[in-house]
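Below you'll find the structure, written out as structure tokens, and then a few comments.
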Amino acid sequence: MNEQELQELVELLSIKYFGRKFKHQVKINRRMTTTGGRYHLNDHHLEINRHFLAPQYKHELVGIIKHELVHYHLHLAKLGYRHSDWEFKTVLKQVGGLRYAPDIGLRRHQPVSYLYQCEFCKQKYARVRPINIAKYGCSKCRGHLKLIKMRSKK
């Protein structure tokens with residue numbers, strides 16, 4: 001799907017679900033990995049993650065577009081367009097948009113470098129970065145933490 005086809009799809013969904021025209025531009029963002037789309041408050045254009053344009057993600061793409069259109073139409077109507085606003089949650093539910101973009105395996109997972117364990121309750125904490133064990137303790141029992149594994153540098 002190219003940007004022109006995406007633009008037509010967004011305009012069609014806007015009329016169908018919101019009864020209003022989408023008068024701005026839709027762009028494909030090739031760098032997005034953790035989000036499905038983005039609405040820009042300043043110039044009102046939408047960006048869509050290119051990975052969701054694949055045919056197997058058609059259902060997810062429609063849900064993402066609906067989500068961004070909720071932001072778009074509520075912002076232009078001067079209503080609550082933020083994720084935490086009641087209007088946003090209500091309209092999103094009415095149109096059947098996705099609340100969160102599904103994880104399709106694009107997120108980079110960092111390897112665990114440090115493993116800490118509570119000396120009392122044996123609760124384990126995996127961390128990418130080191131923590132100050134003199135400052136932080138166990139969240140379960142407030143016990144002292146001990147470094148039990150540190151990944152060697154290659």
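The values are calculated or read from the model by the stated rules, or taken from the named source; none is laboratory data. Keep in mind it's a predicted model, so treat the numbers as computed, not measured. Cβ: placed from backbone, ideal geometry, glycine included. Neighbour counts: every protein chain shown. Just so you know, the surface numbers come from the protein's heavy atoms only, side chains and all, with ligands and any DNA or RNA stripped out. Shrake-Rupley method; radii C 1.70, N 1.55, O 1.52, S 1.80 Å.
Those residues that are over 19 Å from Lys58 (Cβ atoms), assigned to a loop (DSSP other than H, G, I, E, B) and in contact with a helix residue (DSSP H, G or I) (Cβ under 6 Å, 6 or more places away or on another chain), I need them from the range 1-19; list them, please.
none
Quick one: Ala126 ticks every box in (1) in contact (Cβ under 8 Å) with a residue 24 or more places away in the chain; (2) closer than 30 Å to His144 by Cα bar one, so which box is it?
Answer for Ala126: the failing condition is (1).
Mind counting the residues in the range 28-46 that are over 19 Å from Leu98 (Cα atoms) and open to solvent by 50 Å² or more (accessible area, probe 1.4 Å)?
5
Out of Tyr17, Tyr57, I need the residue that is out of contact with any strand residue (DSSP E or B) (no Cβ under 9 Å at 6 or more places or on another chain), touching a residue at least 12 places away in the same chain (Cβ under 8 Å) and under 19 Å from Glu87 (Cβ atoms). Which one?
Tyr17
With the structure loaded, tell me whether Leu79 is buried (at least 17 other Cβ atoms within 10 Å of the Cβ) and not small (Gly, Ala, Ser) or whether it fails that test.
It is false that Leu79 is buried (at least 17 other Cβ atoms within 10 Å of the Cβ) and not small (Gly, Ala, Ser).
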